[in-house]
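Everything below concerns the one structure shown next.
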């Protein structure tokens with residue numbers, strides 16, 4: 001059964017935070033290196049995506065925990081796996097390998113669970129994060145016309161990432177945590193170019209990030225403006241993730257619920273970070289807030305972002321099974 005067919009019948013569950021789970025292992029610099037990287041002259045600790053190559057057993061274990069908790073969709077450990085982001089570690093030359101490895105690991109675990117439960121197929125979403133540079137805003141307040149990266153450079157970076165993910169066997173792409181819509185449009189352009197070149201095509205999820213109580217993403221767009229800006233693409237879903245906790249995200253999800261001619265998704269943080277940058281919201285508290293989304297029929301896909309764990313996803317999955325999915329709007333309905 002295709003993911004589109006399943007989404008029409010029930011709410012699907014996305015996994016939780018990869019980084020939060022990796023922190024539990026208390027890894028050191030040596031864990032991020034292998035024989036190939038033993039003489040790499042720059043620090044690589046904290047480059048979590050690299051663990052798909054150097055400590056694949058950890059990433060497999062995390063995927064398994066989320067599937068055991070009830071997740072239908074696993075995100076690959078590739079959020080920062082573009083040449084732009086990997087450039088911070090001087091590892092641009094490993095981008096394709098990191099994406100390929102991240103996709104293959106998630107694919108292996110997803111297939112393992114699908115084989116055990118054929119009636120509940122598991123899917124793999126190739127995670128494509130926003131990179132570390134914005135294409136529509138200047139990083140220099142004294143030079144507002146300056147751009148740290150061009151659209152074409154982003155297309156090249158995203159295309160390399162997408163190729164590794166596609167070759168590794170992902171079922172769909174997830175362009176997520178979008179803070180700059182122009183970056184997202186570069187990712188969508190790159191994916192379409194890859195489809196045209198390979199003759200392959202898989203579904204695409206897009207998820208933006210509302211950065212504060214103004215209800216806008218970092219580059220200034222409202223939720224509706226963000227939707228309009230990417231609605232030209234043949235999306236599987238559009239949604240919101242990260243930044244705000246579930247309760248604060250609700251009014252912006254309502255906008256998507258009323259306007260989007262696609263399935264909708266949400267994977268919020270476990271509340272807001274405390275003064276130490278940690279997330280204190282319990283699985284029970286987060287589930288209670290997310291239940292409001294489900295009662296109102298706002299989402300088709302639900303999961304967790306920063307601070308969420310398999311314990312959070314387990315309760316969210318149990319709740320999701322009790323509610324009907326949002327009815328997808330036709331283009332005429334969404335006008």
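For the stretch 212-335, calculate the relative contact order in percent as a whole number, restricting contacts to Cα pairs under 8 Å that are 6 or more residues apart. Mind showing how you got there, number by number?
On the way: 196 pairs, mean separation 31.8, N = 124.
In percent, rounded to a whole number, it is 26.
Tell me the relative contact order for the chain as a rounded percent, counting alpha carbon contacts under 8 Å between residues six or more apart.
Details: 689 pairs, mean separation 64.8, N = 335.
Relative CO of the chain lands at 19 percent.
Neighbour counts of other C-beta atoms within 10 Å: give me 237, 321 arranged from fewest to most.
321, 237
For the stretch 1-144, what relative contact order do you get, as a whole percent, if you take Cα pairs closer than 8 Å and at least 6 residues apart?
24 percent
Would you mind ranking 12, 286 so that the residue whose beta carbon has the fewest other beta carbons within 10 Å leads the list? Spell out each step's value before the answer.
Working: 12 23, 286 27.
If I rank by nearby Cβ atoms, fewest first, I get 12, 286.
Which residue fluctuates most in the GNM of the chain (Cα springs below 10 Å): 241, 300, 143?
Comparing 241, 300, 143 in the GNM, the peak value goes to 143.
Quote the FRET efficiency, to the nearest 0.05, computed for residue 117 versus residue 42 with a Förster distance R0 of 41 Å and r equal to the Cβ-Cβ distance.
The value I calculate is 0.45.
So if I take the centroid of the Cα atoms in the stretch 237-291 and the same for the stretch 158-223, what is the distance between those two points in Å?
Centre-to-centre distance over Cα atoms comes out at 19 Å.
At 0.36 nm per residue, and after removing the present C-alpha to C-alpha distance, how many nm does the segment from residue 212 to residue 198 gain when stretched out fully?
Taking 0.36 nm per residue and subtracting the Cα distance, the gain is 1.1 nm.
Mind sorting 24, 216 by how few other Cβ atoms lie within 10 Å of their own Cβ, fewest first?
Least crowded to most crowded, the residues run 24, 216.
Given the DSSP H assignment, sum -39500 (n - 2.57) over each helix run of at least 4 residues in the chain and divide by its residue total; what's the result at 222 nm in deg cm²/dmol, nearest 500?
Theoretical 222 nm ellipticity from helices: -13000 deg cm²/dmol.
Given points 7 Å out from each Cα along the Cα-Cβ axis, report the residue 167 to residue 9 separation in nanometres with one decimal.
My value for the distance between the label points is 3.5 nm.
Computed from the coordinates by the stated procedures, all read-outs in this text should not be read as laboratory data. Quick caveat, the model's predicted, so the values are computed rather than measured. All Cβ positions, even for glycine, are placed from backbone atoms using ideal geometry, and neighbour counts span all protein chains on display.
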